[in-house]
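Asks: Please read through the structure below; I'll follow up with questions.
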Amino acid sequence: MLKIEAVLQPSKLDAVKDALLEAGIEGMTILEARGHGRQKGHTEFYRGREYTVDLLPKVKIEMVIHDDLKEKAIAAIVGAARTGRIGDGKIFISKVDEAIRIRNDERGENAL
């Protein structure tokens with residue numbers, strides 16, 4: 001089992017979610033986040049004063065999937081989220097040792 005975490009632009013959430021559903025990935029958790037990468041935010045003017053916005057709005061999608069869905073999930077996220085500009089986001093993949101369904105104590109891949 002693998003855990004995939006993707007940090008994206010909020011405007012790409014619906015496209016990524018739809019692409020993941022098409023790839024056969026149904027379970028996911030979506031969180032609102034704020035942060036920055038290399039772009040380090042940007043400056044804006046409000047009522048004649050300049051201020052720095054250094055924590056940009058982002059969306060984080062988390063999912064635990066079977067190993068064989070890894071490449072489909074990556075392709076779906078990248079295909080739907082890529083604009084080619086800085087700030088498109090990142091994907092992190094890690095191994096999951098155990099999953100347990102609370103309702104009936106199913107374990108392992110059956111719990112997904």
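Read-outs: derived from the displayed coordinates by stated rules, not from any lab. Computed from a prediction, not measured in an experiment: that's the story for all the values here. Glycine gets a Cβ as well: all are built from the backbone with ideal geometry, and neighbour counts include every protein chain shown.
Asks: Calculate the spin-label point distance for LYS70 paired with SER94, positioning each point 7 Å from the Cα along the beta-carbon direction, and give it in nanometres.
Replies: Inter-label distance under the simple model: 1.6 nm.
Asks: Moving on to the next point. Could you tell me how many degrees, from 0 to 90 and to the nearest 10, lie between the Cα long axis of helix 13-22 and the main elongation axis, the longest principal axis, of the Cα atoms of the chain?
Replies: Tilt of helix 13-22: around 20 degrees.
Asks: Let me ask something additional. Give the average over all directions of the projected area of the C-alpha convex hull of the chain, one decimal, in nm².
Replies: Working: hull surface 34.5 nm².
Orientation-averaged projected area of the Cα hull: 8.6 nm².
Asks: Measure nothing fancy, just the Cα-based angle from helix 70-81's long axis to the longest principal axis of the chain, in degrees from 0 to 90, nearest 10.
Replies: It is inclined by approximately 30 degrees.
Asks: Also, quick follow-up: Please give the FRET efficiency for VAL78 paired with ARG47, using the beta carbon to beta carbon distance and R0 = 35 Å, rounded to the nearest 0.05. Don't skip to the end; give the middle numbers.
Replies: Details: r = 40 Å, r/R0 = 1.13.
Efficiency at R0 = 35 Å is approximately 0.30.
Asks: Apply 1/(1 + (r/R0)^6) to the Cβ-Cβ distance of MET1 and ARG85, taking R0 = 30 Å, and write down the FRET efficiency to the nearest 0.05.
Replies: On the way: r = 33 Å, r/R0 = 1.10.
It comes out at approximately 0.35.
Asks: Something else now. Need the full-extension length gain, ILE102 to LEU55, defined as separation in residues times 0.36 nm minus the C-alpha distance. One decimal, nm. All intermediate terms of the calculation are to be shown ahead of the outcome.
Replies: On the way: separation 47, 0.36 × 47 = 16.92 nm, distance 3.53 nm.
Between ILE102 and LEU55, full extension yields an extra 13.4 nm.
Asks: Shifting gears a bit: Add -39500 (n - 2.57) for each DSSP H run of 4 or more in the chain, then divide by its residues: what number comes out at 222 nm, to the nearest 500 deg cm²/dmol? Before the final figure, lay out each step's value.
Replies: Working: 2 runs with 22 residues, N = 112.
When only DSSP H runs of four or more count, the value is -6000 deg cm²/dmol.
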